[in-house]
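Remarks on the structure that follows.
The values are calculated or read from the model by the stated rules, or taken from the named source; none is laboratory data. Please read these numbers as outputs of a predicted model, since none were measured by experiment. Don't worry about glycine lacking a Cβ; one is built from the backbone with ideal geometry, like all the others, and counts go over all protein chains shown.
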Amino acid sequence: MLDPKAFKAYDVRGLYPSELDEAGAYAIGRAFVEQFEPSSIAVGRDVRLSSPSMAQAVIEGAADGGADVLDLGMVGTEMVYFAVGELELDGGVMVTASHNPKEYTGMKIVRRGALPVGGESGLFDVRDRAIAAAWREATRDQVRAEDIWDRFVERVLSFVDLDALRPLRIVIDAANGMAGAMLPPVLARLPMLDIVACYFDPDGSFPNHEPNPLLPENREFIIGKTRSEGADFGVAYDGDADRCFFVDDTGEFVPGDFTTALFAEMILGREPGGKVIYDVRASRAVPEMIERAGGVPLINRVGHAFIKQRMREVDAVFAGEVSAHYYFRGFSQADSGTVPFLLMCELVSRRGKLSEVLAPFRAKYFITGEINTPVADVPAKLQELEDRFGRDGRVTHLDGLSVDFDDWHFNVRPSNTEPLLRLNLEASSEEQMHEKRNEVLGVIRA
C-alpha cells in the first residue's frame, strides 16, 4: 500500500498499514535509489512497532536498486543525518513518523551532506516512481550493519565545554521514544548531572502519552515533574528525538524562539560575526539578540528543507525554529535534539537559574504561540488579512503573510496538509498582545 497523500512537503507520513505498508516502503527505497542514483546510503529506524519491518523493506528496495546499504538499526533521526555526513554517504532514510501517534509510520529522506529530500527537491519524483513501480534492471548491492554510536557521542559532546558543567538536577521525559535509547550513552559521560529519567524505556505503543510535546496535554507531565523534583530544568523529547522542549526551574514552558535566542548568543560567543538563521514566526527577541551578540540575523521560510539549504548557501553557524528544531554547522548543518540539551546544561551551569535568564525576554516580548484555525478559502482569507492590516503595516510574503508594525507584528501561514491558517503574533505588552490577537483572529474566523 502506498497512498500518494502520505508524501508531505518535508517527509513521508501515513497510517500503517492502510496508507503505507512494507510494499510501499520497498517501493520508496527503490525509487529513492533510482531517482538520485546513490552508491551508498544509511537506513535507520525509530521505536515504532512497525518500524523494524518497514526499515527492512526500505533496505531491500534500496539494495535491489543497486545501492550499498548501511543498516544503522534503531537510532535517533539525527544519527542518520550524522552518519550520512560523517561517513560521506550519498544519502539516508530514517523510518519514523516523528511525533505522530503510534498508528503512524513514515520516513525522512536525505541526500549527500544530509540535505533533506522534500517536495521541492525530489520527494514527489520519488513518489511518482514508487507508485509506477516500473523498475529498471539493477544489480543488487550489499547490506551491512554499521555502528556509529561512539562517533556520535563524541561529536555531540564536542559542542560543549565539559569542564564548565556543574551538578544539575534535570528531569527528562523521553516519552518512550528514541531519546530513551539515544541519551544514555551521552549521559554516561556526564556523571555530574543528576538525571530524573522518565519514560526512558523505548516502547512503540507509547503507553504514557503521545510523543508530541507541542501539545499542551503532553507537557503536563514534564511541567509537574520538574516542579516536584525541584529540578534546574526539564526536557521533553518528541518520538524520534530530533526536537527537545524545555521548561525552566519554575516549570514554565520555554518557547522555541527564546531558546533560539539563548543558543545564538552562546554560539556567537564562540564564533563571532557568524550568520544565524531564524524562521518567520519568531519573536523579535531572536534577531535582536543575534545583533547584540555581533552576529548576522537571517530570516527564512519555515521548514527543515529550506533552513538546511539556506545554511549551506550562507555558511550559517546556527539556525533555530520556533518548533524546536535547532541546526548546527558542525553537525552537517542538520538538526539535533541532543546538542541543545547539552548546550542548555552548559548555559544553566554558567548563568544560574533558567527562569532568571529568561526574565528579560518574558518582560519585553509577548507572544501568542501558534494558533491554528480551519478556513474555507485560504487564499481569499490571506488577501483579506493583507487588505485589512497591510495599509498601515510593512508587508512581506516570504512564507505566508507577515505584517510588521513598530510595536507588534504577525505572521499567518497556510498549512501544507490541511485547510488551516497558522497565526503567530507578538506585541510589546501582554494587553496589546491579547488585543491584537483577537483583532487578527476576528478576521481569520469571520
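Residue check: Ile277 meets all listed conditions (1) assigned to a loop (DSSP other than H, G, I, E, B); (2) at pLDDT 95 or above; (3) under 26 Å from Ile371 (Cα atoms) but one, namely (1).
A quick yes/no check of all residues on (1) out of contact with any strand residue (DSSP E or B) (no Cβ under 6 Å at 6 or more places or on another chain); (2) at pLDDT below 95:
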site	(1), (2)
Thr338	yes, no
Val357	yes, no
Val375	no, no
Ala380	yes, no
Val395	no, no
Phe405	yes, no
Glu418	yes, yes
Lys436	no, no
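Of the strands (runs of 3 or more DSSP E) contained entirely in the stretch 321-414, those carrying at least 1 residues that are acidic (Asp, Glu) and not assigned by TED's automatic domain parsing to the domain that holds Asp163 fall at 401-404.
Scoring Glu78 on the criteria (1) closer than 20 Å to Phe124 by Cα; (2) within 24 Å of the chain's Cα centre (by Cα) leaves a single failure, condition (1).
Identify the residue in the stretch 415-446 that is polar (S, T, N, Q) and assigned to a helix (DSSP H, G or I) and, among all such residues, is nearest to Arg362 (Cα to Cα). Taking the candidates together, the pick is Gln432. Only one of the listed residues (Asp3, Asp64, Asp11) is surrounded by 22 or more Cβ atoms within 10 Å (Cβ to Cβ) and touching a residue at least 12 places away in the same chain (Cβ under 8 Å). That residue is Asp11.
Answer yes if at least one residue in the stretch 269-283 is among the polar types (S, T, N, Q) and surrounded by fewer than 24 Cβ atoms within 10 Å (Cβ to Cβ), and no otherwise. Checked the stretch 269-283: no residue is among the polar types (S, T, N, Q) and surrounded by fewer than 24 Cβ atoms within 10 Å (Cβ to Cβ).
Does Thr226 fit the bill of being modelled with pLDDT of 95 or more and assigned to a loop (DSSP other than H, G, I, E, B)? Spelling it out, it is not the case that Thr226 is modelled with pLDDT of 95 or more and assigned to a loop (DSSP other than H, G, I, E, B). Checked against (1) part of a loop (DSSP other than H, G, I, E, B); (2) in contact (Cβ under 8 Å) with a residue 24 or more places away in the chain, Glu137 meets all criteria but (2). Among the residues of the stretch 167-196, the ones that are in a loop (DSSP other than H, G, I, E, B) and either surrounded by 13 or more Cβ atoms within 10 Å (Cβ to Cβ) or in the same structural domain as Gly85 (by TED's automatic domain parsing) (or both) come to 7 in all.
Listed here are the residues, each with its yes/no results for (1) in a helix (DSSP H, G or I); (2) in contact (Cβ under 8 Å) with a residue 60 or more places away in the chain; (3) in contact with a Leu (Cβ under 8 Å, 6 or more places away or on another chain).
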{"site": "Leu214", "(1), (2), (3)": "no, yes, no"}
{"site": "Gly239", "(1), (2), (3)": "no, yes, no"}
{"site": "Phe263", "(1), (2), (3)": "yes, yes, yes"}
{"site": "Leu268", "(1), (2), (3)": "yes, no, no"}
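Among the residues of the stretch 140-163, the one identified as farther than 16 Å from Gly76 by Cα, among the β-branched types (Val, Ile, Thr) and assigned to a loop (DSSP other than H, G, I, E, B) is Val160.
Rundown of residues vs (1) of a type in the set (Ser, Thr, Tyr); (2) within 30 Å of Ala164 (Cα to Cα), yes/no style:
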site	(1), (2)
Ser332	yes, yes
Leu343	no, yes
Lys353	no, yes
His397	no, no
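Within the stretch 14-57, the only residue that satisfies the criterion of being within 22 Å of the chain's Cα centre (by Cα) and either among the acidic types (Asp, Glu) or at pLDDT below 95 (or both) is Asp46. Here is a check on your reading of the model: is Ser428 of a type in the set (Ser, Thr, Tyr), in contact (Cβ under 8 Å) with a residue 24 or more places away in the chain and either closer than 23 Å to Thr250 by Cβ or touching a Phe, Trp or Tyr at 6+ places or on another chain (Cβ under 9 Å) (or both)? Yes.
There is no residue in the stretch 298-314 that is in contact with a His (Cβ under 8 Å, 6 or more places away or on another chain), at pLDDT 95 or above and outside any helix (DSSP H, G or I). Considering only residues in the stretch 86-128 that are basic (Lys, Arg) and buried (at least 21 other Cβ atoms within 10 Å of the Cβ), the one that is nearest to the chain's Cα centre (by Cα) turns out to be Lys108.
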